[in-house]
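Novice: Below you will find the structure I want to go over with you.
The values are calculated or read from the model by the stated rules, or taken from the named source; none is laboratory data. All figures in this text were calculated on a predicted structure; none of them were measured in a lab. Don't worry about glycine lacking a Cβ; one is built from the backbone with ideal geometry, like all the others, and counts go over all protein chains shown.
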Ligand SMILES: Cc1cc2nc3c(=O)[nH]c(=O)nc-3n(C[C@H](O)[C@H](O)[C@H](O)COP(=O)(O)O)c2cc1C
């Protein structure tokens, strides 16, 4: 496509535009991912919900909803066993992003199955290790992004420049990108694609409740907290009465995500 000649992420993914919809537990399923694919971007199906059978079914559903290529995410620390990895290797999926943990043990089996593998990294050191291990590309995740985060915050701006200097593989910029200006800035810093999460949560085709979408589109630039910095997982979340309480206490109670579906689909903020 004119304008993106020589773009290595497009060559790897087969998408028309270098715009990737981020994997997100329960949200990044066939309705949203297939809409992104039909529009020429790359939809990614999540497996972080841990619902292995449901995620397998979503991958199958994609083929009924679009002829375009799509990807799957494997969040390494959240996988209970190797069921999802084994399924992906025989599923015909040709693009996988790994995240949350070291991809070392996953790169070999995925590449042997003919699958292109990108890993999400929050630091230069992690990027260099992935390249040594044979990764095909990197999702460079700056601290502006929503969801689980490295507690050592490095912005997308700083991280992209540093990783671009250190490695030659294609880079996908993620964290804080929400429009064409952000995409252009990422390309100026050496990225060949962008991955957006929060922006796609608020899209019309996203399955989440209107309360959640409204909270995103009305949030000011100061509208998020980074929670649980001294423990794990550290996350960036929208400011609400509940997240203010967690922020002020400093630590996140272990049952924090127990009712996440009431937020996503019931709109209980
Ligand atoms: C609600 C939500 C859930 C997420 N879940 C995952 C996940 O399961 N796996 C993953 O690799 N990244 C996950 N992420 C991070 C995204 O992949 C992406 O890198 C991030 O959203 C980019 O920043 P942005 O939200 O500013 O666009 C999640 C992000 C959000 C907002």
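Novice: Looking only at segment 36-57, which residues are within 13 Å of the ligand (Cβ to nearest atom) and more than 15 Å from the chain's Cα centre (by Cα)?
Specialist: The answer is 50, 51, 55.
Novice: Which of the residues spanning segment 157-175 are over 30 Å from residue 268 (Cα atoms), within 14 Å of the chain's Cα centre (by Cα) and either within 11 Å of the ligand (Cβ to nearest atom) or touching a residue at least 40 places away in the same chain (Cβ under 8 Å) (or both)?
Specialist: Result: 172, 173.
Novice: Yes or no: residue 204 modelled with pLDDT under 95 and surrounded by fewer than 16 Cβ atoms within 10 Å (Cβ to Cβ)? Write out each step before concluding.
Specialist: Working: modelled with pLDDT under 95: no; surrounded by fewer than 16 Cβ atoms within 10 Å (Cβ to Cβ): yes.
Answer is no for this residue.
Residues checked against (1) more than 9 Å from the ligand (Cβ to nearest atom); (2) in a helix (DSSP H, G or I); (3) crowded, with 20+ Cβ neighbours inside 10 Å; (4) over 17 Å from the mean Cα position of the chain (by Cα):
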position: 120; (1), (2), (3), (4): no, no, yes, no
position: 131; (1), (2), (3), (4): yes, yes, no, yes
position: 177; (1), (2), (3), (4): no, no, yes, no
position: 187; (1), (2), (3), (4): yes, yes, no, yes
position: 191; (1), (2), (3), (4): yes, no, yes, no
position: 213; (1), (2), (3), (4): yes, yes, no, yes
position: 219; (1), (2), (3), (4): yes, no, no, yes
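Novice: Take the residues in segment 1-21 that are without any contact (Cβ under 8 Å) to a residue 60 or more places away in the chain and under 20 Å from the mean Cα position of the chain (by Cα), then tell me which one is nearest to residue 116 (Cα to Cα).
Specialist: Residues of segment 1-21 that are without any contact (Cβ under 8 Å) to a residue 60 or more places away in the chain, as a first pass: 1-6, 11, 15-17.
Applying the additional criterion that residues be under 20 Å from the mean Cα position of the chain (by Cα) yields 11, 15-17.
Working: 11: 10, 15: 13, 16: 17, 17: 17 Å.
Applying the filter and picking the extreme gives 11.
Novice: Test residue 22 against the stated conditions and say whether it is under 20 Å from residue 183 (Cα atoms) and away from the ligand (no atom under 16 Å from the Cβ).
Specialist: Values: under 20 Å from residue 183 (Cα atoms): yes; away from the ligand (no atom under 16 Å from the Cβ): no.
No; evaluated as a whole, the condition is false for this residue.
Novice: Given the structure, is residue 93 under 23 Å from residue 49 (Cα atoms) and either within 16 Å of the chain's Cα centre (by Cα) or part of a strand (DSSP E or B) (or both)? Please lay out each step first, then the result.
Specialist: Numbers: under 23 Å from residue 49 (Cα atoms): yes; either within 16 Å of the chain's Cα centre (by Cα) or part of a strand (DSSP E or B) (or both): no.
So residue 93 fails the test.
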